[in-house]
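The values are calculated or read from the model by the stated rules, or taken from the named source; none is laboratory data. This is a predicted model, so every value here is computed, not measured. So basically every Cβ, Gly included, is an ideal-geometry build from the backbone, and we count neighbours across all protein chains shown. We work out accessible area using only protein heavy atoms, side chains counted, and drop any ligands, DNA or RNA first. Shrake-Rupley method; radii C 1.70, N 1.55, O 1.52, S 1.80 Å.
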Amino acid sequence: MPEKKRILVLGSGMVAPPCIEYLTRNPHNEVTVACRTLSAAQALSSEFPRTQPLSLDVASAADLDTQVAAHDLVISLIPYTQHAAVIKSAIKGRTNVVTTSYVSAEMRALDDAVKKAGITVLNEVGVDPGVDHLYAIKTINEVHEKGGKVKEFYSYCGGLPAPECANNPLGFKFSWSPRGAILSQRNSASFLRHGKQVDIPATELMSVAKPYYVMDGYSFVAYPNRNSVPFREFYNIPEAETVIRGSLRYQGNPEFIQALASIGWLDQEEKSWLKPEITWAQIQQRLVNSPGSDERSLIARINEVYKFPTEAESERIISGLRWLGLFSTEPAMIKDGNIFDTLCHQLAKLLGFKSGERDVVMLQHKFIVEWRDGKKDTITSTLELLGDPERYSAMALSVGVTCGVATQLLLDGHPALHMPGILAPYSKEICDPIREAVAREGVKLVEKVI
């Protein structure tokens, strides 16, 4: 009879339920849900068989060491900045690790110690990163096997409200804290275009967003995300002259984010003048140095300071600021003494998903392929996954089930995954079994030759 497998899940966010649901289908798995707040762990663990709650503060190295060592595998669904601490505990306890995050430099530095401990640390098994790798590797390998070359590679992904729910100035809704989502739009980016590296500073990222067609019914813009350059090597496409990985948003979103930044709403520095009694209008007044805090004065000053390209754009941005309550005489709820976190608290209140609303995960790869006879094809590989308001969001399902599948394969001792070291799904051997199982869960890209 197969032995029991003990799985420690760190975190109880929206990704955890579909991951645990998948793992508890196997009667030999026993899951421990660990959160700093016991009630959160209890609420989640009560939904699944053979699942128990645990109060655990990962900041306590001794407690983390004890719990990690008591399990066969740990899934880290906590912020990526804490993954290195989890891996260090796993090295001591000789416990395998799974994360859905990119491999950071801090994590990569532990590779030798991980190998010495004989454990596997499998990363990037969410949707982006995760499902994107699974299908990029599939198509690239198929092209190479037929003698073709991938000359250009584009990959864009967005986790968004479904079009009928994108009814706000940002065209966006938040299932978690807005902080991370907005900061992702303030990163620098690097990519390859026509054989040359292009670097975009963080302050200019939103200005390079361009309309991008994926399918009818959506009005997307796309912009590069992080550093795409290493993916020419990761994906084994040395022949590629253009490699761009990026994000999708609805049209109008980048301009609004850029306006918020230019006005000063994304400032993270502590402000001594941010007092509990201050109103939104008074904050706006300080940001743009307006002579008055009445709406007319504020609008006039914003138009003076922020040079809108057109009158229509000015009206749209001003209308959006009004919708968010940023001209209001209501007191602002000050968070962490800075403007950005104060704004994020307001966004979380206004831009959450309401009952019955659904999200969409849209992911598309585009390959420009050159064949031996000189002929060129454009191949697309596309995921349109809509959330189910009665069950899981599209983002929760696509990240959670991919993590669950990869975890189960590792627990089962699949030879491609059961290798010591810091791993990510960049090879056919790792990608194929994960992709096939994830597709059976309804997360599947559709390929077309244009």
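Test K149 against the criterion of being open to solvent by 30 Å² or more (accessible area, probe 1.4 Å), at pLDDT 95 or above and either in contact with a strand residue (DSSP E or B) (Cβ under 6 Å, 6 or more places away or on another chain) or not charged (D, E, K, R) (or both), and give yes or no.
Yes: the conditions hold for K149.
Only residues that are free of Cβ contacts under 8 Å to residues at least 60 places away in the same chain, closer than 21 Å to T279 by Cβ and in contact with a helix residue (DSSP H, G or I) (Cβ under 6 Å, 6 or more places away or on another chain): list them for region 307-329, please. Within region 307-329, I318, G325, F327, S328, T329 qualify.
Listed by first and then second residue, the pairs with beta-carbon distance under 8 Å, at least 6 apart or on different chains, first residue in region 177-205 and within 18 Å of A261 (Cα to Cα), second of a type in the set (D, E) and not in a helix (DSSP H, G or I), are S188/D199; A189/D199.
Just one of (1) open to solvent by 20 Å² or more (accessible area, probe 1.4 Å); (2) touching a helix residue (DSSP H, G or I) at 6+ places or on another chain (Cβ under 7 Å); (3) under 23 Å from H414 (Cβ atoms); (4) not in a loop (DSSP other than H, G, I, E, B) fails for I75. It is (1).
Conditions (1) under 30 Å from R435 (Cα atoms); (2) outside any strand (DSSP E or B), marked per residue:
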position	(1), (2)
L321	no, yes
L326	no, yes
L363	yes, no
R372	yes, yes
T378	yes, no
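When every residue of region 373-391 is checked against the conditions, none turns out to be within 30 Å of I119 (Cα to Cα) and open to solvent by 30 Å² or more (accessible area, probe 1.4 Å).
Taking the criterion of being among the charged types (D, E, K, R), assigned to a loop (DSSP other than H, G, I, E, B) and either in contact with a strand residue (DSSP E or B) (Cβ under 9 Å, 6 or more places away or on another chain) or more than 30 Å from F174 (Cβ to Cβ) (or both), the only residue of region 380-432 that qualifies is D412.
Looking across S319, S381, one residue alone is farther than 18 Å from Y250 by Cα and hydroxyl-bearing (S, T, Y). It is S381.
So, E142, is that one part of a strand (DSSP E or B) and within 30 Å of E447 (Cβ to Cβ) or not?
Spelling it out, it is not the case that E142 is part of a strand (DSSP E or B) and within 30 Å of E447 (Cβ to Cβ).
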